[in-house]
Amino acid sequence: MEGKKLLLPNIGLETVHHVHADDVAQAFCRAMQYRSTAIGESFHVVSPVALTLRGYAERLSRWFGREADLSYLPWEEWRKTVTPQDADATWDHIAHSPSCSIEKARRLIHYAPRFTSMEAVCESVDWRVEHRCFQL
């Protein structure tokens with residue numbers, strides 16, 4: 001990937017809001033611990049803050065010791081640059097640009113995520129690199 005532009009769909013301002021599996025488990029445990037306030041409620045279980053696609057690309061590039069060289073394409077053009085499966089997965093992530101509040105979960109079940117969206121993604125990427133489970 002060195003020396004290549006990273007193509008992002010649209011203008012890269014769509015948000016995604018990832019969560020670490022440990023934080024999901026924490027929310028379930030806290031819902032059981034605070035059962036009386038959790039019953040009948042629904043909670044957003046995500047990291048404290050969502051990030052834009054551009055923010056992810058810039059931070060991941062820096063994480064790999066590079067500066068992001070970004071270009072943007074309208075969705076219909078961008079989707080032609082990836083596999084249909086990757087296009088579908090990307091659309092599922094960005095179509096609604098999720099940015100959820102965890103305030104209700106903090107207040108009612110004392111949810112306190114340990115990981116940011118970036119930390120969750122970097123741990124996942126680290127694992128994939130270590131196990132050579134990636135395609136470039």
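Looking across region 114-136 at every residue that is loosely packed, with under 13 Cβ neighbours inside 10 Å and of a type in the set (A, V, I, L, M), the one that is farthest from Ala25 (Cα to Cα) is identified as Leu136. Taken as a whole, the condition of being modelled with pLDDT under 95 and within 21 Å of Asp22 (Cα to Cα) applies to Ser124. Of all residues in region 60-80, those being under 22 Å from Cys122 (Cα atoms) and surrounded by 16 or more Cβ atoms within 10 Å (Cβ to Cβ) number 3. Within region 81-113, the set of residues being among the β-branched types (Val, Ile, Thr), surrounded by 14 or more Cβ atoms within 10 Å (Cβ to Cβ) and without any contact (Cβ under 8 Å) to a residue 12 or more places away in the chain comprises Val82 only.
What number goes with the only condition from (1) under 19 Å from Cys122 (Cβ atoms); (2) part of a helix (DSSP H, G or I); (3) without any contact (Cβ under 8 Å) to a residue 24 or more places away in the chain that Asp23 does not pass? Failed condition: (3). Checking each residue in region 68-118 for being modelled with pLDDT of 95 or more, part of a helix (DSSP H, G or I), touching a His at 6+ places or on another chain (Cβ under 8 Å) and not aliphatic (A, V, I, L, M) picks out only Lys104. You will find that of Ser61, Ser47, the residue that is in contact (Cβ under 8 Å) with a residue 40 or more places away in the chain, within 20 Å of Lys4 (Cβ to Cβ) and either part of a loop (DSSP other than H, G, I, E, B) or of a type in the set (Gly, Ala, Ser) (or both) is Ser61 and no other.
The values are calculated or read from the model by the stated rules, or taken from the named source; none is laboratory data. What you see is a predicted model, and the numbers here were worked out from it, not measured in a lab. Here the Cβ is made from the backbone with ideal geometry for all residues, glycine too, and neighbour counts use every protein chain on show.
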